[in-house]
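For reference, the structure discussed in these notes is given below.
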Amino acid sequence: MDFPPDFRWGSSTSSYQIEGGAQEGGRGESIWDHFCAEPGRIRDGTSGAVACDHYHRWPQDLDLARDLGTNAYRFSIAWPRIFAQGGTGAPLRNGLDFYSRLVDGMLERGLEPWATLYHWDLPQALQAHGGWAQRATMDAFTHYTDAVTRHLGDRIKHWITHNEPWCTAFHGNYEGVHAPGLKDFKTALQVCHHVLVSHGMATAAIRANVPQARVGAALSLHPLKSASNSAQDLAATRRHDGLRNRWFLDPLHGRGYPQDVWDLLGAQAPTVAADDMALMATPTDFLGVNYYFPEIVADAPGQGPMQTRVVDCDQVERTGFGWEVSPQGMVDLLQRVHADYQPRAIYLTENGSSYDDVRTPDGRIEDHQRMHYLQRHLRAVHQALQVGVPIQGYFAWSLLDNFEWAEGYLRRFGLVYVDFATQQRQLKMSGQWYQSFLKEETPC
Ligand code: FCB
């Protein structure tokens, strides 16, 4: 199977999920530190205070990424390490130095750095003033982006503004299952709007500081299937798609918010200022797609903001986390995004699976299912490439087992197993397979 010669092969992580070192270098509190401290928020009662201790063990972790044979590495920068209170003062030297060393470490190992600016760890001090529901947070984000790109832009050329704005907005402010834990739909929509506008503001700041920068956002997108061919379910699927996918894809591609969804929102619709639509549509160089699973949608009058529900279908294959496994869904999604929006380039910025890994008596992690998942999804990437979707890279989620948000340490997504009691790392069978695939020893 041929992939383009300049294809980016990587793995992905995020700051709060792996770094730990929560008290070090003058780092401020993030909304996730705050959220984890509230009883009942995290399934196993843990937090990312230590996580993979990557803050101290990063050289070893970068060695692992290099040894996999990857040529790129996606990580995120913790905003509270750069501005403890999130404000508009001077950045923290220690924070900038940490990421500077980390990026040098990547370059020394032949890993192209792909930095995400916001992977959910907002400074708590900003949340205390309303967080993303306030326009001031967009200015603070732009200020933070400016500081980081001034210091690291000589070495980092690939920038992702936001990771999964849907999750920031709706998991965090409507469903209340992620930080900051609010349950208010109107707030969630306003948060969503400010996140999307700040994406445009940050894109301009990056371009001003980084010659040859390539910039994009990473969206969590889902291919949808209608539960039946009834007119009701088909219309419901269209509405569900409206808030899940088009609410993000349309404004980023210059079409403004989808009118059908806007009309349904009524008084809940966000407040939009004069230049916001143009800012959201700031041209980007690529679209990051995080793909995990498809959804089956049915009409559900009175249920949820779009009067839809996601149907549990017991006939499908699922990961340990219960997420449907559908490589074909990935092909469908990529083809759809390409046909409807024509982004210049697409990167799979996340894709992966969680299973309960157990050590064999002789100490190996034989994660056949994850390996199989990876193989089938790489075939799907190849299939999408063959029909003309401009995919330029694939980042596996994740390099390491890590802190999986509200699930704590109960979900393992890594190609590398982490024993959280000892912080020992061990390559799983899936990681070994990825390694031999990248060395072109094994086809997928
Ligand atoms: C995505 C997140 C990432 C990780 C994976 C499993 O939604 O971006 O941090 O938690 O899911």
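Taking a ≥ b ≥ c as the square roots of the eigenvalues of the alpha-carbon gyration tensor, region 87-210 is classed prolate because a/c is 1.5 or more and a/b outweighs b/c.
Using a Gaussian network model of the chain in which every pair of alpha carbons under 10 angstrom is joined by a spring, one finds that among Q190, Q426, Q60 the greatest mean-square fluctuation is at Q60.
The GluC sites (Glu not before Pro) of region 319-399 that DSSP puts in a loop, and whose beta carbon has at most 16 other beta carbons within 10 Å, are E366.
For region 236-257 and region 158-229, what is the separation of their C-alpha centers, rounded to whole Å? Each part's Cα centre sits 12 Å from the other's.
The helix-based estimate of mean residue ellipticity at 222 nm for the chain, built from -39,500 (n - 2.57) per DSSP H run of four or more residues and divided by its residue count, is -11000 deg cm²/dmol to the nearest 500.
Over region 267-416, the alpha carbon radius of gyration divided by the compact-protein estimate 2.2 N^0.38 Å works out to 1.26.
Restricting attention to the chain, the count of lysine pairs at 8 or more positions apart or across chains with alpha carbons under 28 Å apart stands at 4. As a ratio to 2.2 N^0.38 Å, the alpha-carbon radius of gyration for the chain is 0.92. Per residue, the convex hull spanned by the Cα atoms of region 1-111 amounts to 134 cubic angstrom. R364 sits among other residues whose Cβ lies under 11 Å from its own Cβ, and their net charge, with Lys and Arg +1 and Asp and Glu -1, is -2.
Starting from region 271-351, pick out the trypsin sites (Lys or Arg not before Pro) whose DSSP state is loop and whose Cβ has at most 15 other Cβ atoms within 10 Å. The qualifying sites are R344. Computed extension length for D285-E24: 90.5 nm, one decimal, from 0.36 nm per residue of separation with the Cα-Cα distance subtracted.
Read the figures in this text as sums done on the coordinates, not as results from a lab. As the structure is a computational prediction, the values presented were derived from the model and not from experiment. Please note: Cβ atoms are built from the backbone with ideal geometry, for glycine as well, and neighbour counts cover all protein chains shown.
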